[in-house]
Structures are given as C-alpha cells and as structure tokens.
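In what follows, a single structure is set out as structure tokens and then discussed.
Quick note: the coordinates plus some simple rules give every number you see, no bench work behind them. Quantities reported herein were computed from a predicted structural model and do not represent experimental measurements. Virtual Cβ from ideal backbone geometry, glycine too; neighbours counted across all protein chains shown.
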C-alpha cells in the first residue's frame, strides 16, 4: 500500500488540477490523470487525505469502462491503467512510478463537452430540495406526490453546466440543445441513459442502488465522442446499500458520508475555507467506505485486484 497522496508532484507539465485529480501532459495527444487522496465536502477540499481513495476511484473507473466497452461497445478515452502497460507505452514515466502507480489513468486527450450529463433514478440531493419546494427539477415540472429518495417514474436526464468552482447549475434539456445543437444534445442524453441502465442493473445484482450519477464526454481529434473522466465512482454517483433503503428520508451512502456527517456536527464551521481538521477516526471510516464499495462492485478486495488491460492499437484506429 502506497502512502496517502494529498498532491501529486510529477516532473511533467501539469495542465489541470481539480478537487481530486492532477492531470499531466504526456506527449502531444495523451494525458496522465492522477487521482489524489484529496477529499472535498460542501465544495471545500479538506486538509487531510483519505488513504486509498485515489486508487479506488481510478480502478473502479477502469472496471466500469472495461465492462461498458465489452457489453455496450462504449467508446472511451482510457488507454491504460495497469502500471506496466502505461510504462510500456511511455517509458519516461518509469522514474516517477511510485508517485502514480495504481492511481493513474493514461488517456487520450479530448476537447471536453462542457455539460455534465447527470442521470437521476431516484429523487435525492439538490433534485429533492427543488422538487420539495417547487415541484420541479431544473425548472421543469415533475409528477406530484413523490417522497425523498423515491424512484423516479423513469430515469431522468438532468444536465448541468460545468463549474470550475462551486456548484454546477442544473439546466433544462432545451438549454443543452441551445448550447450544443439538437444532434449533440440527443447523443449525450442517449449515451447517458445507456450507461446508467448498465450501471443500475449491475449495481442491483450486487445489492447496491445507483440513485444517480454523472458522466462527462469529450471529442477526440477525429471528432469522435468519447466517455471521459471518472465513471460511476463513489465521487460521481450516489450508491445506496439496498438493505437499508427506505423512501421518505435521506439514505446512507457508500462514499464520503463520514466526512459530511462529522462536518455537520462542527458548530462553528460556515462551510468556507479553511476547513476544520478531520479526526483520524473519520478519515479511517471514510477509507473503509471506499474500500467496501470497491469490493462490493468488483467482487475483489483492492489489494487482490488485477487492473484490466485495453487494446490501445484498436482504439487508435
């Protein structure tokens, strides 16, 4: 097990740093996306890392992408996640291997589509709050009489604008049409529904409810639409354990809920930086949540995991 990584520092050009990922340029057309162990809550990054978190996010994404490629023919940007495979493709990365092994994806560079493709199967979070107060979602009416955490009558495409800082903003599908054109808007919605349906059914087999999730897409240099970034991880999805599900209230989540719960108990923090220091017990409990959902999904403990390999030559054509 590697040491926790709050921030990766590799001897390559860093082209982006998000709340969790540090992204480095590798040649002209590839990126190395390194998932740190940073954890954020209420849009504030904590000072303490959550050990193993970055590994879980990376390996769950690789697991889903391998399944989606095989079952759905889904085009995506991932070229390699296995460290030996990454080094075979880019030997210059060998020198910094300890800093990225297990937590990095070698991906094709794309031009991101600047819309978050959210699919909601259950009424929760910001969607529940808007529905409770106005009977709508992103300004569009929903059927009446739903309770918090109720299943939607059918999965709902709930797009959002991508925010560099703070919260993304829910928008209507009509707004996506105006931003991207009818054809692209419909392609995004259709692919998001396909991926969600695959994820929902897979999770159900494992005693997990996939309440909602978000996807990102990008265009490669040939104009192909690819699924990019993380896919159906605890950071991009609401995973609920089926055994404790009950509508009419919020649900326990298989994610960083211990962090949120503890922060909610801190009376003097106003949800702006700097955050309070997380107690070691909260950090450990959060690591356990991430490791648990990894094993629930894949059927394998993280330390016994063998990353999938992808056919780079086939994807280059």
Task: Residues (in contact (Cβ under 8 Å) with a residue 24 or more places away in the chain and surrounded by 14 or more Cβ atoms within 10 Å (Cβ to Cβ)) located in region 263-285 - done: 263, 275, 278, 282, 283, 285
Open item on the list: Consider region 70-95. How many of its residues are surrounded by fewer than 14 Cβ atoms within 10 Å (Cβ to Cβ) and part of a loop (DSSP other than H, G, I, E, B)?
Closed with: 1
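From the residues in region 216-225 that are surrounded by fewer than 23 Cβ atoms within 10 Å (Cβ to Cβ) and in contact with a strand residue (DSSP E or B) (Cβ under 9 Å, 6 or more places away or on another chain), which one is farthest from residue 41 (Cα to Cα)?
Among those that are surrounded by fewer than 23 Cβ atoms within 10 Å (Cβ to Cβ) and in contact with a strand residue (DSSP E or B) (Cβ under 9 Å, 6 or more places away or on another chain), it is 221.
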Task: Test result for residue 149, assigned to a loop (DSSP other than H, G, I, E, B) and either within 19 Å of residue 250 (Cα to Cα) or in contact (Cβ under 8 Å) with a residue 12 or more places away in the chain (or both) - done: yes
- [ ] Considering every residue within region 155-169, establish whether at least one is touching a strand residue (DSSP E or B) at 6+ places or on another chain (Cβ under 7 Å) and closer than 20 Å to residue 246 by Cα.
- [x] yes
Open item on the list: Just the residues that are exposed (fewer than 14 other Cβ atoms within 10 Å of the Cβ) and in a loop (DSSP other than H, G, I, E, B), please, taken from region 13-28.
Closed with: 13, 19, 27, 28
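Can you tell me which residues in region 96-141 are outside any helix (DSSP H, G or I) and surrounded by fewer than 18 Cβ atoms within 10 Å (Cβ to Cβ)? Even if it seems obvious, please write down each step before you answer.
First pass over region 96-141, keeping only residues outside any helix (DSSP H, G or I): 101-124, 135-141.
Within region 96-141, 101, 111, 112, 114, 135, 136, 139, 140, 141 meet the criteria.
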